[in-house]
Every structure is written in structure tokens, then in C-alpha cells.
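Here is the structure we will look at.
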Amino acid sequence: MEYEDVLRQYLGEFGRYQKLAAVLIVLVGPSVGATMFAQAFVAATPRHHCRIYQNDSTATYGHPSERLTFSVPMEKVEDTWKYSSCLMYSGTDGRSAWNNQTVTCIHGWEYDQTVYHSTIVTEYDLVCGRHWLKELGQSIFMLGVSAGGLISGLTSDRFGRRPTVLACIVLQLTAGLTAAFVKNYVTFLILRLLVGGAANGVFYTGLTLAMEVVGSSKRNAVGMTISLSWSVGIVFLGGLAYFLRDWWTLQLALALMSVPHLTYFWLLPESPRWLLSNNRAKKAKISIQKAAKMNKVTIPDDVSDKVTKPKEKEPGEKSKKYSLIDLFRGPNLRTITITMSAVWFATVAVYFALVIGSADLAGDPYLNFVLSSLLEIGLCLVSLVAMEKWGRRPVVGGFLFLTGAACLAVVATPEERQNVIRYISLFGRCAIGVTFATLSVYTPEVFPTVVRTMGLGVANMSSRVGGILSPFVSLLADVWPPLPMLVFGLLSTLGGAAVFRLPETFGIPLPDTLEDAENLGRKQKTEIDKTEKRSESEGDHDNFSYIGPAVVSGDVSQNNDFFNQT
């Protein structure tokens, strides 16, 4: 008898126990989503120009136009003449404009405080020749996210989902609080690296836990609700940043969002599926009995004993310890691991490029960001409906193709048609949003329980490599403005083609063992169809009477025979 059978026939696929676990993980989403996109405001670059005199204060942006005219040259930016951000006329006092010779800013910069009071950029002058340090900061954050996904995957599959989530919550809180008060850019980057790793670990390990405790019919709804909570956090970030215009107060507020999650030390359950897969029969039995009590159902002792019975070992055999190598042993699982990693790489590289850039569009950056985030919520709902109708693989592959087509269409559109480019870019941003939301649900389903978060961590690590490279791909616009969109278009198209090497998981129970993963998409679907046909022909439904999520049977032995057959 399998845990999936207990869910369907006794415990219930979505009772109070499963709802508690799902809600706790949903409540983690907003803090993680806000943390992941904080760079859009914490490291925003305001308008700036050279400070004219050494003793000028940056508290007031600008000078009388006469002084600027003789001190700072004009340059054409997107068909508009503006004062140069990085050059001034030669002469230490800025008054030697008659020779028309320019130099880089001698006395530093002055920043416009109309939109942003202070950011990491203004704190450490990350502009002009130092602007690459800002992009380095985002890449280091992504490096932390990548490492966090891999490390949390290893610890989650080895030590459990619950302890990994709790450790990540504590790390996210402490590193985030410290980052708000440091006065050194290198230290800030190190702390942001830790925050990124912890945020990624708590979200995807929690997502795995939630999807493991619910039944197959509820995975879509639970997975997409958790993704939706991520999007709610992005919306919240836009509103919070509007009221907190200083980077350190915003960073402090984001860190404090993790404080309520400390209650998870008492509330968060462990995944019974993980306990069973790792042969921890005693703890699994206690967990299932606790779940039955919360769901107000009764599981017969012989059924409970049978599902939690320890696996028999050969004399002298030790408990199996799984490692990253197991993800590449079997041909099917190896294909899944490599392909899913490639798809995540392409998706995240394009996703972060399009979403982070939404705050840099013309108009109010806060409003742009919030509207873009509200769009993200709608895309999660579109993804849910699409998955229910077409499954996982067609949705991920199809919307990646649409994203690629949109990016390539931008390249082909004349530069003067800015309105057309804006609408096409918005369409591509919507398509990649649906892809990202669907992948969050699809990925845990293709890996077996014994290495699920490890596989998710590897795919996630590959995705963050895309996130690390994404800002630098954007710098290719200095070579040729459409070049970044060309690269993103090709990445999306190749990723969409790769998806169709993956198995479809819609309506199929989660694989638990490495053997299950090798048969994923073939054997399980065939057995389910045979079981359903056999149940109908033998009249198995007459032996059961359903009361809510539980099943009461007049003949327990018949129930056991049924499960032995399945």
C-alpha cells in the first residue's frame, strides 16, 4: 500500500492537516517574493550629474541652469538632450568650459532625490565607471539564490523538509536585519548573498513539502496558490518602497517580514511522504496518525501498519543515502535533470530581465512596478486554468515559444516604433510570467521523493546562473541596442523546444523512488487506467461509503485487497 492510497481512501486529499501545511507555506511567499525583487528599489539609479564644486552638498539636486551649462556638457539620450551623467568640462572648479574639453566627474556626483531618497547606488556612487558594481551586486545575490537552492535541496532530502525550512527562515531573518545596518558594500553583498540563498531555500523546500502532503487532484491549486503568494509579495514590495524611500529602512522592513515565520517551529509539520521514502517508519506513523486526528478520520491499525512498514533490508545492508549522482544514474532521470535545468536557465534569464526592467520604464517607477506585479497575479491564474486544460508540458513549452517570438519581434521592429515595441514587450513579459508560474508546479512533480528537493535545487541552481548572466546580457545594448532581446528570444525558443523531452505529469501520482522516476509518464499512467477499469468492473465502489475526505469500509480485508491490487 502506498501513501497516495491512504490519501485517497482514508486521510483525504485536502483535509485540515493538509490545509494547515499549505497555508503556512503560502504565508512564506510574500516575504520571499519581495526579497527576490528588492534590487529594483534598494539599488535603483536616480538621475545624476557631476558635482561641480568639491564642497557642494548632494542634498539638493542641480544648480542654476547657467552654472550647469558652463560646467556640464549636454548629451543626446533617446532623442532627448540632457546634461551628461558622467562628464564635466575640464578644470577643477568646472568653469573652464571655453576649451570644450571634458573629463570624468572629479568631485563625485549629485543625485536627484525626487523619487529615491537614498539607494545603494547613491550610498556608494555606483554610477558611470562604477555602474558595473551594481550589476555585480545583483549577480552575487543570484549566486546566493543558486547556492541556496542546491544546499537546501541536499539538506532537505537528507534531513527533512521541516528542519530545512526552519533553518532558512532564521538565516533570512538574521542576515536581512544585519544588511540594513552595514556601512560597507562588500559586507552588504555577502549578506545579500546569504539572504538570497535562505529565501530560495525556504520557498522551494516549502513548496515541495506542501505538494507532498496533498493529493494529486489538489497539487495544481496548492502549487499555484503558493506561486500567487510570491506575486502578492512583489506587489507589496512596490507599495512598501513607495512609503520607505531610503534603502536601509526598506531592507529592514523586508527582513522583519520573516519574524512571524518563527512560529513555524511549533506549527509546521514534516512531510509523511518524505519520512516513508526514507524508511523512518515510526515518525511516519506518528505523522499520519496526527494528520488523521486533525482531519477527524480514523485509519485502521492494520492499514497504518502496512503503509508505514519498514522496508526489508539484506543482511548487513545500510540505509540508502542519496546524492546528486543519483540524479544522473538512470537515463530517464538524467534526461529530466539536464532538460529541466536548461529550461529553468532560459526561463529565469528572460524573466528577471523583463520584470526587473519594469521599474525603469517611463513614468512613475513605483506605479509601473505595482502594475507589473498585479499582472503577475493574473498570469498565475491564467497558468492554473491552462494547466487544468492542457497539462504542464504544453503550457511551459508553448508560452516559451510565445516569449521567444515576442523578443524576436522587438528586434525586427524599427526603433522609432516605440509604442509597438512596448506592447510586444508586454506580451512577452506576460508569456514568460505564465511559464515561470507553471514551472514552479511542474518541476517538483518530475523528480522522485527521495531526491526531489535535490533535483529542484539543481534545476534552480541552473536557473540562477541565468539570473546571474541576465544583467550582463542587458549590457550588450551598448554594442547594439536590440542585441539583448535577440539573445533572450533565442534562449526562450530553445528552452521551449527542450520542454518536450520531459514527461507529462498532469493527473499522475508523485514518483517516490528512482525506479518510479524512470517509469514516469509511462508505467504510472498505464497502471492508473488499469486500476480504474478494474475497480469499475469489480464493483469496488460498492464496498466503500464516503464521508467527507475519509472512507468507512464494512470489510477492512477487502480494502487491503484493493490496495494490494493497485
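The values are calculated or read from the model by the stated rules, or taken from the named source; none is laboratory data. Quantities reported herein were computed from a predicted structural model and do not represent experimental measurements. All Cβ positions, even for glycine, are placed from backbone atoms using ideal geometry, and neighbour counts span all protein chains on display.
Within segment 1-55, the residues that satisfy the criterion of being of a type in the set (S, T, N, Q) and touching a residue at least 12 places away in the same chain (Cβ under 8 Å) are GLN9, GLN18, SER31, THR35, GLN39, THR45, GLN54. Only one entry of SER323, SER287 meets the criterion of being loosely packed, with under 14 Cβ neighbours inside 10 Å, at pLDDT 75 or above, touching a Leu at 6+ places or on another chain (Cβ under 9 Å) and small (Gly, Ala, Ser), and that entry is SER323.
For segment 274-299, name all the residues that are within 15 Å of PHE14 (Cα to Cα) and touching a residue at least 60 places away in the same chain (Cβ under 8 Å).
Matches in segment 274-299: ILE288, LYS290, ALA291, ALA292, MET294, ASN295, LYS296, VAL297.
Pairs needed: first member in segment 371-392, more than 12 Å from MET224 (Cα to Cα); second member anywhere, basic (Lys, Arg) and surrounded by 19 or more Cβ atoms within 10 Å (Cβ to Cβ); C-beta distance under 8 Å; at least 6 residues apart or different chains. Filtered contacts from segment 371-392: SER372/ARG429; LEU375/ARG429. Filter segment 351-375 down to the residues that are modelled with pLDDT of 75 or more, within 17 Å of PRO471 (Cβ to Cβ) and small (Gly, Ala, Ser) and list them by number. Residue satisfying the conditions is ALA353 alone. The residues on offer are ALA291, ALA255, and the sole one that is in contact with a Gly (Cβ under 9 Å, 6 or more places away or on another chain), within 16 Å of LEU24 (Cα to Cα) and small (Gly, Ala, Ser) is ALA291. With respect to LEU244, determine if the residue is in contact with a helix residue (DSSP H, G or I) (Cβ under 7 Å, 6 or more places away or on another chain), of a type in the set (A, V, I, L, M, F, W, C) and more than 30 Å from LEU11 (Cβ to Cβ). Yes, satisfied. Identify the residue in segment 450-493 that is closer than 30 Å to SER323 by Cα and among the β-branched types (Val, Ile, Thr) and, among all such residues, is surrounded by the most Cβ atoms within 10 Å (Cβ to Cβ). So, considering only residues that are closer than 30 Å to SER323 by Cα and among the β-branched types (Val, Ile, Thr), the one surrounded by the most Cβ atoms within 10 Å (Cβ to Cβ) is THR453.
The set of residues in segment 206-227 being buried (at least 22 other Cβ atoms within 10 Å of the Cβ) and of a type in the set (Val, Ile, Thr) consists of THR208, VAL213, VAL214, VAL222, ILE226. In segment 475-521, the qualifying residues are those that are over 25 Å from the mean Cα position of the chain (by Cα) and of a type in the set (S, T, N, Q), and the one that is nearest to SER139 (Cα to Cα) is THR513.
Only one of LEU133, LEU150 is of a type in the set (A, V, I, L, M), under 27 Å from the mean Cα position of the chain (by Cα) and closer than 30 Å to MET454 by Cα. Can you tell me which?
LEU150
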